[in-house]
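Peer 1: Dropping the structure in here first, questions after.
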Amino acid sequence: MSLRDAAETALTQCLDLDETESCCIVTDDKRQPIGEALYEVASQISGDTTIVRYPPGDSHGAEPPEPVAAAMAGADVFLAPTTKSLSHTRARGSANDAGARGATLPGITEEVFTAGLDADYDEIQRHCLNVLEQVGDADEVRVTTPKGTDITFEPGDREWLADTGIVHNAGEFSNLPAGEVFVSPETANGTYVVDGTMMPHGLLDEGQTLEFDVEDGHVTRISDDDIREQVETASEAVGDAAYNLAELGIGTNVAVTELVGSVLLDEKAGGTVHIAIGDDAGIGGDTDAPIHLDGILRDPTVYADGEEVELPQP
C-alpha cells in the first residue's frame, strides 16, 4: 500500500470527507510526507482544504500553537499526523466540541501509516461492537497473562468507548490506525506485566518484561528505571496524578498480525490488551497529566464479571 492508498482509506472510508466540507491537515516537520499525502487526496475531494505545519511538540499531549488549534476547530474534518500526540490535548477536544470530526495519528511513520490503513474498517467496527457488548455493562474486568499479569479494574460510572476508525458524524474522534475498545476505570488493583511495546523502549526483546503494581487506581511500583523517571518527572508538575491508572484497552484490529514497536499500531492489534498511566481527561476520566504511557500485553485473558471475553484474533 502506498502513502496515497493509505490516505484514500483515511479520507474516504474512515472520515467520509465530502466535497462540500472543509478539511484541515495538521502535521509537523518530521511527518511532512504523510501530511502532504493526506492533503493531496483531501484537496482532490474538497476545494476547501488546508494544511498547517509546525515544529514537533516537546511531549505527547503538549498543546499545539494557537493558530493550529484554531484551524482544527474551524474545519469540518481534521487529520493530524504528528510526531507527538494531539489526542489528549485541549485543542483536539475543543475542535470536537466545535463540531469538527477528526482523527489524530500520533507518532505515525510511513511504515505504520501504510500497514495500519491497509485494513477493512467496517470489519474493525464490527469487532469493536462485539467486544463492547461483552464488557460494556461489567462491574469488574479482570486481566491475566502468562507473564504474570493479574489485575482487576472497576469502571464504575465511566463509559466504555470504541475507537473504530469510522468517523462520519460531527464531533466524533478516533486515532488512526484504529481498532480498540477502552475505558478509564474509576479504580484498579493488582499487577500488570508489559511484554509487548512501551515507550521509551519500543518493542521489547524476547523475555524482557516491565512490571507495574497498582493499588486503588494508582501505580505504586514501576520496575523499569526509564519509565519510572518519566513518571517522577511528570509528578513534579502534577503530583500523584502522574501515577493515575488511566486506561484499560482491548485491541480489535485483526489486520495487525504482529507487533512492530509502534504504540499507535501495536495497541490496536487484535487479541492484545494495553494499560496506560497518566492522563485520562480525554477518554472519560478526570485526571490531567502531561503523560499518557501505554504498555501492550500479549496473550491476555479478559474476564467481565467472571465470564471470559471472546477477543478478536488476527
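Peer 1: Assess whether Val26 counts as being in contact with a strand residue (DSSP E or B) (Cβ under 9 Å, 6 or more places away or on another chain), within 16 Å of Ile108 (Cβ to Cβ) and β-branched (Val, Ile, Thr). Quick ask: steps written out before the conclusion?
Peer 2: Numbers: in contact with a strand residue (DSSP E or B) (Cβ under 9 Å, 6 or more places away or on another chain): yes; within 16 Å of Ile108 (Cβ to Cβ): yes; β-branched (Val, Ile, Thr): yes.
Considered against the rule, which asks whether it is in contact with a strand residue (DSSP E or B) (Cβ under 9 Å, 6 or more places away or on another chain), within 16 Å of Ile108 (Cβ to Cβ) and β-branched (Val, Ile, Thr), Val26 comes out as yes.
Peer 1: Pairs under 9 Å by beta carbon, first residue among the aliphatic types (A, V, I, L, M) in region 139-152, partner at pLDDT below 95 and surrounded by fewer than 19 Cβ atoms within 10 Å (Cβ to Cβ), six or more apart or different chains?
Peer 2: That search, which allows pairs on different chains as well, returns nothing.
Peer 1: Separate question: Scan region 69-82 residue by residue and report those that are surrounded by fewer than 22 Cβ atoms within 10 Å (Cβ to Cβ) and in contact with a helix residue (DSSP H, G or I) (Cβ under 7 Å, 6 or more places away or on another chain).
Peer 2: Ala69, Ala73 - these are the residues of region 69-82 that are surrounded by fewer than 22 Cβ atoms within 10 Å (Cβ to Cβ) and in contact with a helix residue (DSSP H, G or I) (Cβ under 7 Å, 6 or more places away or on another chain).
Peer 1: Filter region 106-131 for residues that are of a type in the set (A, V, I, L, M, F, W, C), in a helix (DSSP H, G or I) and surrounded by 20 or more Cβ atoms within 10 Å (Cβ to Cβ) and give the result. Outline the logic, then answer.
Peer 2: If we filter region 106-131 for residues that are of a type in the set (A, V, I, L, M, F, W, C), which is where we start, we get 108, 112-113, 115, 117, 119, 124, 128-129, 131.
Okay, now just the ones that are also in a helix (DSSP H, G or I), so 112-113, 115, 124, 128-129, 131.
Within region 106-131, Val112, Phe113, Ala115, Ile124, Cys128, Val131 qualify.
Peer 1: From the residues in region 27-36 that are surrounded by fewer than 22 Cβ atoms within 10 Å (Cβ to Cβ) and of a type in the set (D, E, K, R), which one is nearest to Ala119 (Cα to Cα)? Walk me through how you get there before you give the answer.
Peer 2: Narrowing region 27-36 to residues surrounded by fewer than 22 Cβ atoms within 10 Å (Cβ to Cβ): 28-30, 32-33, 36.
Within this subset, residues satisfying the condition of being of a type in the set (D, E, K, R) are 28-30, 36.
On the way: Asp28: 25, Asp29: 27, Lys30: 25, Glu36: 21 Å.
It comes out as Glu36.
Peer 1: Ok, one more. Name the single residue that is surrounded by the most Cβ atoms within 10 Å (Cβ to Cβ) among those in region 192-235 being assigned to a helix (DSSP H, G or I) and of a type outside the set (Val, Ile, Thr).
Peer 2: First, the residues of region 192-235 that are assigned to a helix (DSSP H, G or I): 225-235.
This time we only want the ones that are of a type outside the set (Val, Ile, Thr), so: 225-226, 228-230, 232, 234-235.
Values: Asp225: 8, Asp226: 12, Arg228: 14, Glu229: 12, Gln230: 21, Glu232: 12, Ala234: 23, Ser235: 17.
Looking at residues that are assigned to a helix (DSSP H, G or I) and of a type outside the set (Val, Ile, Thr), I get Ala234.
Peer 1: Regarding Val256, is this residue assigned to a loop (DSSP other than H, G, I, E, B) and surrounded by 24 or more Cβ atoms within 10 Å (Cβ to Cβ)? Steps first, answer last, please.
Peer 2: Details: assigned to a loop (DSSP other than H, G, I, E, B): yes; surrounded by 24 or more Cβ atoms within 10 Å (Cβ to Cβ): yes.
Judged against the criteria, Val256 is a match.
Peer 1: Of the residues that sit in region 84-105 and are closer than 19 Å to Ala269 by Cβ and of a type in the set (A, V, I, L, M), which one is surrounded by the fewest Cβ atoms within 10 Å (Cβ to Cβ)?
Peer 2: First pass over region 84-105, keeping only residues closer than 19 Å to Ala269 by Cβ: 85, 87, 103-105.
Now drop any that are not of a type in the set (A, V, I, L, M), which leaves 103, 105.
On the way: Ala103: 25, Leu105: 30.
The qualifying residue surrounded by the fewest Cβ atoms within 10 Å (Cβ to Cβ) is Ala103.
Table: residues versus (1) outside any helix (DSSP H, G or I); (2) surrounded by 17 or more Cβ atoms within 10 Å (Cβ to Cβ).
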site: Glu8; (1), (2): no, yes
site: Leu17; (1), (2): yes, yes
site: Ile25; (1), (2): yes, yes
site: Leu38; (1), (2): no, yes
site: Asp58; (1), (2): yes, no
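Peer 1: Further question on the same structure: Taking Gly93, is it touching a helix residue (DSSP H, G or I) at 6+ places or on another chain (Cβ under 9 Å), within 30 Å of Leu293 (Cβ to Cβ) and part of a helix (DSSP H, G or I)? First the steps, then the outcome.
Peer 2: Working: touching a helix residue (DSSP H, G or I) at 6+ places or on another chain (Cβ under 9 Å): yes; within 30 Å of Leu293 (Cβ to Cβ): yes; part of a helix (DSSP H, G or I): yes.
Answer is yes for this residue.
Peer 1: Could you pull out the residue among Asp163, Asp157 that is assigned by TED's automatic domain parsing to the domain that holds Val273 and under 30 Å from Asp29 (Cα atoms)? Talk me through it step by step, then tell me what you get.
Peer 2: Values: Asp157 fails: under 30 Å from Asp29 (Cα atoms).
Only one candidate qualifies: Asp163.
The values are calculated or read from the model by the stated rules, or taken from the named source; none is laboratory data. All values derive from a computational prediction rather than experimental measurement. All Cβ positions, glycine included, derive from the backbone under ideal geometry; neighbour counts span all protein chains shown.
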